[in-house]
Amino acid sequence: MVTAKTSGILPAQKRARLRAVTSRFMTQTPNYPVVAPEHINQSRIIDLTLYKGNPRVHSEIQIERLVNSLKEFGFTNPVLIDDTGNVIAGHGRIAAAKKLGLDEVPTITLSHLSEDQRKAYIIADNQLALNSSWDDDLLKKELEALTETGFDLSLLGWGDDVPTFADEPDYGSLDDFEDPNDNLANDVMKAIQIEFRPEDYEEAKEVVAEARKKGVYVGQELVNALKALS
């Protein structure tokens, strides 16, 4: 007589149950949900709906850099969607995928978010990433190590404007120049000089140009951003 022990059926069932229990344990916590790899699906781009109210601007330069990243590293960061296929995060990655001719992208469905939470996370997903900064010493060492191996540093997100870690310019010398705006009337728009690192310059130009097209008062936005840092 063939028993469950000798046939291997029972151990297989036990292993399946153990995997299920382990999965629930790893993806459920008392206070917040945790997404596991098995929650990643493949979704057709044509079935996804981009959020028209997305305030994040994706320049052509950034999209091209995303394209290069996908080619080199693969689609490592899934697009986040809701239950009906509305995109929460990943608008830029979808644009890059279209340029590559992809029909599908990896997605994770965030069913636990409310309507307000979805709108809020669209903003938070972008802003949280901007809140980080670089340790220049460690970054310099990592870039030097990659350079020694011959790795293409343009794939890291800066394009051809990889940080050079040159000494910061002395902006104090600008105070010695006479301000050409001093004699202008108070109701006349005035310009102020702002310096950018080489790796940021082209992107800054594009962002400012896009903002102006939308009628954004760039000067006030800059002032507000700088005040928020103080």
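The values are calculated or read from the model by the stated rules, or taken from the named source; none is laboratory data. Keep in mind that what you see is a predicted model, and the values were worked out from it rather than measured. All Cβ positions, glycine included, derive from the backbone under ideal geometry; neighbour counts span all protein chains shown. Areas reflect the complete protein model, heavy atoms only, side chains present, ligands, DNA and RNA absent. Shrake-Rupley method; radii C 1.70, N 1.55, O 1.52, S 1.80 Å.
A few points about this structure:
- No other residue among LEU139, LEU143, LEU155 is under 30 Å from ASN68 (Cβ atoms), in contact with an Asp or Glu (Cβ under 6 Å, 6 or more places away or on another chain) and at pLDDT 90 or above apart from LEU155.
- Being under 25 Å from PHE165 (Cα atoms) and of a type outside the set (D, E, K, R) is a property that holds for ASN131.
- Enumeration of residues in the stretch 210-224 that are without any contact (Cβ under 8 Å) to a residue 40 or more places away in the chain and either open to solvent by 90 Å² or more (accessible area, probe 1.4 Å) or of a type outside the set (A, V, I, L, M, F, W, C) (or both): ARG212, LYS213, LYS214, GLY215, TYR217, GLY219, GLN220, GLU221, ASN224
- Meets criteria (modelled with pLDDT of 85 or more, open to solvent by less than 80 Å² (accessible area, probe 1.4 Å) and in a helix (DSSP H, G or I)) for VAL207: yes
- Of the residues making up the stretch 22-60, those that are among the hydrophobic types (A, V, I, L, M, F, W, C) and at pLDDT 90 or above number 5.
- Only one of the numbered conditions (1) modelled with pLDDT of 80 or more; (2) of a type in the set (A, V, I, L, M); (3) surrounded by 10 or more Cβ atoms within 10 Å (Cβ to Cβ) is violated by LEU184, and that is (1).
- Among the conditions (1) in contact (Cβ under 8 Å) with a residue 12 or more places away in the chain; (2) open to solvent by 30 Å² or more (accessible area, probe 1.4 Å), the only one that GLU144 does not satisfy is (1).
- Residues that are open to solvent by 30 Å² or more (accessible area, probe 1.4 Å) and over 16 Å from the mean Cα position of the chain (by Cα), drawn from the stretch 78-94: ASP83, THR84, ASN86
- Within the stretch 44-77, the residues that satisfy the criterion of being among the polar types (S, T, N, Q), out of contact with any His (no Cβ under 7 Å at 6 or more places or on another chain) and either open to solvent by 80 Å² or more (accessible area, probe 1.4 Å) or under 28 Å from LEU156 (Cβ atoms) (or both) are SER59, GLN62, ASN68, SER69, THR76, ASN77.
- Each residue in the stretch 95-107 was checked for being within 19 Å of ILE122 (Cβ to Cβ), in contact with a strand residue (DSSP E or B) (Cβ under 7 Å, 6 or more places away or on another chain) and surrounded by fewer than 20 Cβ atoms within 10 Å (Cβ to Cβ), and 1 pass.
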